[in-house]
Amino acid sequence: MNKDQLAKEHLKQFLSGFPNLDNSMISQLAEIIQVIAPTKGTILMQEGTVPDACYFVLKGLVRQYQIIDGTERTTEFYTESHGTVSSMHYTERTPSSFYLECMEDCLLIIGDRETDPVHFEKFPALVEITKQMLENDLNKIKENYSQFILSSPLERYEHFLKTRPDVHIRVPLHQIASYLGMTPESLSRIRKRRVSPGK
């Protein structure tokens, strides 16, 4: 199976999760929805640029980060289970406040301003799918933010392990520490306490 066929199979599998789509519709959508395969290390978006595309992760991991006082601050990890990459700057046509980097070889659904309206008009079901994708991930973001504000560093890490176990083994620990709002040294101490709670 070549890369194009593999991408199409991943797309069909994703679309099959929407109960309002039958096999015929899934096949039609799989032909028109664009999927790209950027390699590890690809920068999808630069801070300060107005993005021409938005993305959804079918396979792989995309990291969102900012550079503050010369230091990278990770603000989100997008994976297969948390796939909708922030589209705020894309929809509002404003300069991006962050970078997007592929941490692995990825398969991404890509939307652009030229083809999306054409596809939405031809396939109204696609509008509902897109809306559902955005709402699901927005709810996850709100829930995680509320938990983050009210929790201690240890509780943040415990919650991260519980809700994002896939990410924990796929990215460097210093990026996890940044995401959780702590230093790598603090995260290291928390991890040691979990292993040896009596010490």
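Look at the stretch 1-55 and say how many of its residues are among the small types (Gly, Ala, Ser), farther than 23 Å from GLU121 by Cβ and out of contact with any strand residue (DSSP E or B) (no Cβ under 7 Å at 6 or more places or on another chain).
The initial filter retains those residues of the stretch 1-55 that are among the small types (Gly, Ala, Ser), namely 7, 16-17, 24, 27, 30, 37, 41, 48, 53.
Next, only the ones that are farther than 23 Å from GLU121 by Cβ stay: 7, 16-17, 37, 41, 48.
Pick out the ones that are also out of contact with any strand residue (DSSP E or B) (no Cβ under 7 Å at 6 or more places or on another chain) and you get 16-17, 48.
Residues in the stretch 1-55 being among the small types (Gly, Ala, Ser), farther than 23 Å from GLU121 by Cβ and out of contact with any strand residue (DSSP E or B) (no Cβ under 7 Å at 6 or more places or on another chain): 3 in total.
The condition (being open to solvent by 30 Å² or more (accessible area, probe 1.4 Å) and within 21 Å of PRO38 (Cα to Cα)) is satisfied by just one residue among SER97, SER86: SER86. For the stretch 162-172, the tally of residues that are under 19 Å from GLY41 (Cβ atoms) and in contact with a helix residue (DSSP H, G or I) (Cβ under 8 Å, 6 or more places away or on another chain) stands at 1. Just so you know, in the stretch 37-63 the residues that are within 17 Å of MET133 (Cβ to Cβ) and assigned to a strand (DSSP E or B) include one that is modelled with the highest pLDDT, and it is VAL62.
If you go through the stretch 152-174 and pick out every residue that is assigned to a helix (DSSP H, G or I), within 24 Å of GLU104 (Cβ to Cβ) and open to solvent by 60 Å² or more (accessible area, probe 1.4 Å), you end up with 4.
Just so you know, in the stretch 48-57 the residues that are surrounded by 14 or more Cβ atoms within 10 Å (Cβ to Cβ) and not hydroxyl-bearing (Ser, Thr, Tyr) include one that is farthest from ASP166 (Cα to Cα), and it is PRO51.
Among the residues making up the stretch 111-151, a single one is polar (S, T, N, Q), at pLDDT 80 or above and either loosely packed, with under 13 Cβ neighbours inside 10 Å or farther than 22 Å from ARG93 by Cα (or both): SER151.
May I ask you to list the residues in the stretch 58-83 that are in contact with a strand residue (DSSP E or B) (Cβ under 7 Å, 6 or more places away or on another chain) and either open to solvent by 70 Å² or more (accessible area, probe 1.4 Å) or charged (D, E, K, R) (or both)? Passing the criteria: LYS59, ARG63, GLU72, ARG73, GLU76, GLU80.
LYS12: surrounded by 14 or more Cβ atoms within 10 Å (Cβ to Cβ), among the charged types (D, E, K, R) and outside any strand (DSSP E or B), yes or no? For LYS12, the condition - surrounded by 14 or more Cβ atoms within 10 Å (Cβ to Cβ), among the charged types (D, E, K, R) and outside any strand (DSSP E or B) - is met.
The values are calculated or read from the model by the stated rules, or taken from the named source; none is laboratory data. The model shown is predicted, which means the values in this text are computed figures rather than measured ones. FYI the Cβ positions are ideal-geometry reconstructions off the backbone, even for glycines, and counts take in every protein chain you see. Just so you know, the surface numbers come from the protein's heavy atoms only, side chains and all, with ligands and any DNA or RNA stripped out. Shrake-Rupley method; radii C 1.70, N 1.55, O 1.52, S 1.80 Å.
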